[in-house]
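Report on one structure; see the data block that follows.
The values are calculated or read from the model by the stated rules, or taken from the named source; none is laboratory data. Bear in mind that the values here come from a model prediction, so they are computed numbers and not experimental data. Glycine also receives a Cβ, built like all others from the backbone with ideal geometry; neighbour counts cover every protein chain displayed.
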Amino acid sequence: MTKESLRIVYMGTPDFAVESLRCLVEGGYNVVGVVTGPDKAVGRHGSVLQFTPVKQYAVEQGLRVLQPEKLKDEVFIEELRSLEADLQIVVAFRMLPEVVWSMPPLGTFNLHASLLPQYRGAAPINWAVINGDTETGVTTFFLKHEIDTGAVIRQVRVPISDTDCVGDVHDRLMLLGGRVVCETVDAIIDGSAEATPQEKMVTEELRPAPKIFKDTCRIEWNRPAKQVYDFIRGLSPYPAAWTTLVAPDGTETVLKIYETEKFFLSPQPYGTIKTDGKSFLYIYTADGALSLRTLQLAGKKRMGVEDFLRGSRLGSGYSVK
């Protein structure tokens, strides 16, 4: 079997998944179908249907696209079966029922943006940065019943620098993932793919990567400066860490923070704000302070600290909580 004869069905939805599909298509692999999420109603009154990023690319390439509402729908199952895939590849898609992932004779493998078994879950890139990790990577593994627990096929590591935000790491892993997906397919074709059970790879306590919600993104200023700094860059640029800005009269406003620098100043109660109203804005943590560099008030655009201070007239008496 060759890459031209191996029949592949690809499953994915967001931008992260486009790169791997692009690498397969441009690499000459035989992608016979693409499964992605339903079109999203946008615009006034939901009158415009927006394609997923994966569908947009697939349509441009003339690929057959399936968009099931429910993955157990019999019509979808029969349509998927009719594609006669030898192998299925999943990148940033929904959890698959067994009837789907067990369908092709060579199985279904997933690309996960972490060094499994670490960071099983929906937000592995965010949590690696939030936790201050100095490296991460991508993993391909065969699917089985329990989510993100299948035998590992390939794994590649990359460093995380102290100044990387999650957007930087996301883009790096996206590009790396495309290469690793193709390498995994090649290994399956030539029979060199040796799947290692994840149970044999556990060397330390496992950290989860649960889905991130708005409440997850609230900054806790009573933590050490390094932890708050990592927390902010682990949520930047999306969905963004936030805090509540409290004016002297008690008025509260949501403030999103995208970029900071660590400063170790003389101790002040955490949540205290120090600013000259022109060029710097410090917020104190448990053991130091962060200098805010890029931020956004509710209802305003994202901006640098000097532009923010010029328009906000922020002065003494303000704090965050």
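Scan the stretch 136-167 for residues that are farther than 22 Å from E199 by Cβ and acidic (D, E) and jot them down. Those that are farther than 22 Å from E199 by Cβ and acidic (D, E): D162, D164.
Would you call I232 assigned by TED's automatic domain parsing to the domain that holds K301, surrounded by 20 or more Cβ atoms within 10 Å (Cβ to Cβ) and more than 19 Å from the chain's Cα centre (by Cα)?
It is false that I232 is assigned by TED's automatic domain parsing to the domain that holds K301, surrounded by 20 or more Cβ atoms within 10 Å (Cβ to Cβ) and more than 19 Å from the chain's Cα centre (by Cα).
Selection of the stretch 159-195 for residues being polar (S, T, N, Q), closer than 18 Å to I89 by Cα and exposed (fewer than 15 other Cβ atoms within 10 Å of the Cβ) yields only S192. Strands (runs of 3 or more DSSP E) fully within the stretch 1-55 that include at least 3 residues being of a type in the set (A, V, I, L, M, F, W, C): 7-12, 30-35. Here the condition is being aliphatic (A, V, I, L, M), assigned to a loop (DSSP other than H, G, I, E, B), closer than 30 Å to P159 by Cβ and in contact with a helix residue (DSSP H, G or I) (Cβ under 9 Å, 6 or more places away or on another chain); of L106, L111, L71, L116, it holds for L116 alone. Note on the stretch 284-321: residues that are touching a residue at least 12 places away in the same chain (Cβ under 8 Å), in a strand (DSSP E or B) and either small (G, A, S) or closer than 17 Å to A240 by Cα (or both) amount to 11.
One residue stands out in the stretch 92-103 among those that are surrounded by 13 or more Cβ atoms within 10 Å (Cβ to Cβ) and either closer than 19 Å to V54 by Cβ or outside the structural domain of I188 (by TED's automatic domain parsing) (or both): the one that is modelled with the lowest pLDDT, namely R94. The set of residues in the stretch 70-90 being surrounded by 15 or more Cβ atoms within 10 Å (Cβ to Cβ), over 18 Å from A195 (Cβ atoms) and of a type in the set (V, I, T) consists of I77 alone.
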